[in-house]
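Structure first, commentary second.
The values are calculated or read from the model by the stated rules, or taken from the named source; none is laboratory data. Quick caveat, the model's predicted, so the values are computed rather than measured. All Cβ positions, even for glycine, are placed from backbone atoms using ideal geometry, and neighbour counts span all protein chains on display.
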Amino acid sequence: MIIRKASVKIVGCSDYVMGAVSCMLLFFLCCLIPEASAQYLFLNCDNNNGNYTANGTYSTNLNTLLSTLSSNTEINYGFYNFSHGQNADRVNAIGLCRGDVEENPCRSCLKDAGGNITELCPNQKQAAIYYDNCMLRYSNDSIFGVLDISPHFYMSNSNNATGAAEFNQVLQNLLRELKDKAASGDSRRKYATDNDTTTNFQAIYGLVQCTPDLTQTECNDCLDEAISRIPTCCNDKRGGRVVGPSCNIRYEDYRFYEQTTIIDPETPPPTINTSTEESSNTTTIVIAVVVPTVVVISLCLFICLRRRKARKNLEVKKEESEEEDEDEIKIADSLQFNFDTIRVATEDFSDSNKLGQGGFGAVYRGKLSNGQIIAVKRLSRDSGQGDVEFKNEVLLVVKLQHRNLVRLLGFCLEGRERLLVYEFVPNKSLDYFIFDPAMKAQLDWEKRYKIIRGIARGLLYLHEDSQLRIIHRDLKASNILLDEEMNPKIADFGMARLVLLDQTQANTSRIVGTYGYMAPEYAMHGQFSAKSDVFSFGVLILEIVSGQKNSGINNGENMEDLLSFAWRNWKEGKPLNIVDPSLNNNSRNEMLRCIHIGLLCVQENLVDKTNMATIILMLNRHSLSLHIPTEPAFYMNSRTRSFPGMQSWEYNSREMGSSEPILKSAQESENEASITELYPR
C-alpha cells in the first residue's frame, strides 16, 4: 500500500495561521509545480489480488475501460460504474465525484485519475486513487454494490476548535442528520451538505457521501463507521475528513463545497390570468361549454388510440419474444457439446478418469481436442426432467460468473444422457485437505483465511451481486474446490434455488442438503433464505479453523459435535482449544475473530444471523466491533436425530457429514437431478 498526501495544497489561507509572506511563498511554489492542481490525496496499490501482465488481456481491458471513463460518466450525477472483459480478465471500476462538482470538472478529475492510477500502480489488479473532487477504484473482484470501508485515510486541520466539547457535540449532531439524508438518496446520488453554529458563533460545515450503488442500510452503516472515527483522527480539530472506498465525510469551519445541482426538479404549475371580474366570468362560461365537449372528443380519441397502440404493442412484444427465444436457442446451441466429443475426452467415462461420485452422479476428468481440461458431471439417468427444462436451467447457471464460483462451460443432451461440463479445478476439494492429518499441513493460516474470504465473496455474489439471487442450500467443504493457487470456488448447484431479487425468504416441501450444515429453520420448517447459506458458512468457518468435521469430535469417551465443542470452549474462555493444533499462533487474533464470526453465523434465531455483506466487512475490517454471540443451534450426537415436527421426514442412509447426505420428503421418490429449482414456477 502506498499512502501519500498532497505535497502542495491550497485550502485557503484562512485555514491555517500564516502571514502574507507565507501565502505568497505558497503561491509561487504552486506556480513552479504545475501538477499540484491534480495532486492526489491518497493512493492504494493493493497487491492482495496479484499482478497482471503488461500488454496482456487484463491490461488491455483495464486501458479500454479507463479510456472510456470520463465520457461514460452520468451527467449531473457524478457516479460511474463499468466492467470490461470476461472471467479472470474482467475489470470492474467505480468512479465518484463529490456531489457538488459540475460535469466538466468531474470528467476532468476522472480523466486525470484514470491516467495516473496505472502509472502509479503498475500491473496491480486492484487499486484506488483519491482526489479532492473525485475518487477512482478498479478491481478484478466484483465491487459494485459491495460495502467496503477499507482502506481508508484521515486528514485533519492543524488548528483546534474553540469550546471543543460543544463543537464536537454540534458536529456529531450535524453529521448524523446528514447521514440520514444522504442514505435516503436514490441510486443516482447519496450526498448531503449543511451547516450549523455553536453558541459562540463558530460555524461548522459538513459533507457526507456514499457511492449510490449502496442500499440505504449499507450507506448508513458505512457513514456510521466513518463518523465513529472522528475522535481518533480529528478530535477537537476545526476540520477533518474520513475517506474510504464506499463513503466519505468531511467538515470544516468554512464553506468548502458549492451549491448542489438538484436532481429532477419539479415542474412549476401553470399560471392563469384573472385580471378582471368580467374576463373571469367569460372564462367560466367558455369552460362550462367547451370543456365537456373537449373531454368527450378526447375520450373517444384516447380509446381509439389505446386500442391501436395495444394492437401494435402486442405485435411488438410478440416479435421481441420471438427474438428473445431465438437468442436463447442460439446461446443454448453454442453451449451444447456433442456426446461423442465428451465420450472421447473422458476415454469413454473410464474409471481412471473418475474424480468422484455424488448423489446426482459421477464426475470425470476430460481433455478436449484443443487441449482444454474439463470436468464432466454425468447425471443420473432416472431424472424426470424434460430437455427444455434442463436447457433453461443450464442457461441460468451459465450466467453466474465470479472468480469464486466454478464456471459451467456447457452441457450435453443425448437420449437419457445429461452431462454438465465445468471448468477443471486441479486441487480437488477443501475436505480433501482440511480433514486429512497429512494434507492439512499444506493449508497454513494465511491460505485458510484466504479461502474463508473467497467463499464469502462467492456467496455475496450469489445472494446480492449476480443477475439472479441464488440460495446454494448445500454449502460444505466437499463443495468448495481449490484451484492451482488454492483460491476457493463454490461448486455443485444441484440443490440451489433461484428466488426473486426482492424476496427475503421462501418455503419448500422438499428439504435437501447435508446433515450438520443445515440451518434449523430450514431443517425443521422448510424455510430457506440467504441466511440458510450464512449458517452453512458459519459451520464451514469453524471446520476450517479447527480442522475438524462438524459431525463429531472425540472428547474423552464421548463424541461432541463441532458447534457444541466451539460454543463450550468459547463460553469457558478457552477459544484457542478450537484452533487446529497444526497451526501456529502468529495470527491468533485473526483466528479468534473468525471463530467469533463463525458463531455469529450459526445462531439459532434467524434474526440474529447476519448477512454476507456484513460478514465480509467483519473479515476485512478488524477494528469493527462484533456482537456477542448467543448459544448456537446445536446438533445432537446421534446420526438418527429427528427434529421436532419432522416425523414425516427421513434421512438418506449415507453417513452423517459425508459428501451427499440428502433429507427428503417421505412422499417423494424422484431424484433431484436438476441444476436449479426455480422459485416461483
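Suppose we filter region 436-451 for residues that are exposed (fewer than 13 other Cβ atoms within 10 Å of the Cβ), in contact (Cβ under 8 Å) with a residue 24 or more places away in the chain and of a type in the set (A, V, I, L, M, F, W, C); how many remain? Result for region 436-451: 1. Yes or no: region 364-384 includes at least one residue that is assigned to a helix (DSSP H, G or I), in contact with a Gly (Cβ under 9 Å, 6 or more places away or on another chain), aliphatic (A, V, I, L, M) and modelled with pLDDT of 85 or more. No, there is no match, as no residue in region 364-384 is assigned to a helix (DSSP H, G or I), in contact with a Gly (Cβ under 9 Å, 6 or more places away or on another chain), aliphatic (A, V, I, L, M) and modelled with pLDDT of 85 or more.
Any residue at all in region 15-29 that's surrounded by 13 or more Cβ atoms within 10 Å (Cβ to Cβ), of a type in the set (Phe, Trp, Tyr) and modelled with pLDDT of 80 or more? Checked region 15-29: no residue is surrounded by 13 or more Cβ atoms within 10 Å (Cβ to Cβ), of a type in the set (Phe, Trp, Tyr) and modelled with pLDDT of 80 or more. Is region 449-462 home to any residue that is out of contact with any strand residue (DSSP E or B) (no Cβ under 9 Å at 6 or more places or on another chain) and of a type in the set (Ser, Thr, Tyr)? Checked against the condition, which is being out of contact with any strand residue (DSSP E or B) (no Cβ under 9 Å at 6 or more places or on another chain) and of a type in the set (Ser, Thr, Tyr), region 449-462 yields at least one hit. Number of residues in region 107-147 that are without any contact (Cβ under 8 Å) to a residue 60 or more places away in the chain and in contact with a Ser or Thr (Cβ under 6 Å, 6 or more places away or on another chain): the value is 3.
Candidates are the residues of region 128-155 that are touching a Pro at 6+ places or on another chain (Cβ under 7 Å) and among the charged types (D, E, K, R); the one that is farthest from Arg621 (Cα to Cα) is Arg137. Helices (runs of 4 or more DSSP H) fully within region 510-593 that include at least 2 residues being within 27 Å of Met439 (Cα to Cα) and modelled with pLDDT of 90 or more: 530-546, 562-571.
The condition (being part of a helix (DSSP H, G or I) and touching a residue at least 12 places away in the same chain (Cβ under 8 Å)) is satisfied by just one residue among Leu459, Leu481: Leu459.
Residue-wise test of (1) farther than 30 Å from Tyr138 by Cβ; (2) at pLDDT 90 or above.
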residue	(1), (2)
Gln169	yes, yes
Arg255	yes, yes
Thr261	no, no
Pro265	yes, no
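Against the conditions (1) within 18 Å of Gly50 (Cβ to Cβ); (2) in the same structural domain as Glu218 (by TED's automatic domain parsing); (3) β-branched (Val, Ile, Thr), Ile117 satisfies every one except (2).
Residue by residue through region 129-179, note down the ones that are in contact with a Cys (Cβ under 8 Å, 6 or more places away or on another chain) and of a type in the set (Ser, Thr, Tyr). Across region 129-179, the qualifying residues are Tyr131, Tyr154, Ser156. Scanning region 184-207 for residues that are in contact with a Ser or Thr (Cβ under 8 Å, 6 or more places away or on another chain) and closer than 20 Å to Gly99 by Cα yields Lys190, Tyr191, Thr193, Ile204, Tyr205, Gly206, Leu207.
Pairs meeting the criteria (first residue in region 609-623 and assigned by TED's automatic domain parsing to the domain that holds Arg469 and over 15 Å from Leu462 (Cα atoms), second residue basic (Lys, Arg) and assigned to a helix (DSSP H, G or I), beta carbons under 9 Å, at least 6 apart or on different chains) are Lys609/Lys531; Thr610/Lys531; Met618/Arg593; Leu619/Arg453; Leu619/Arg593; Asn620/Arg453; His622/Arg593. Residues of region 47-57 that are within 21 Å of the chain's Cα centre (by Cα) and modelled with pLDDT of 85 or more: Gly50 alone.
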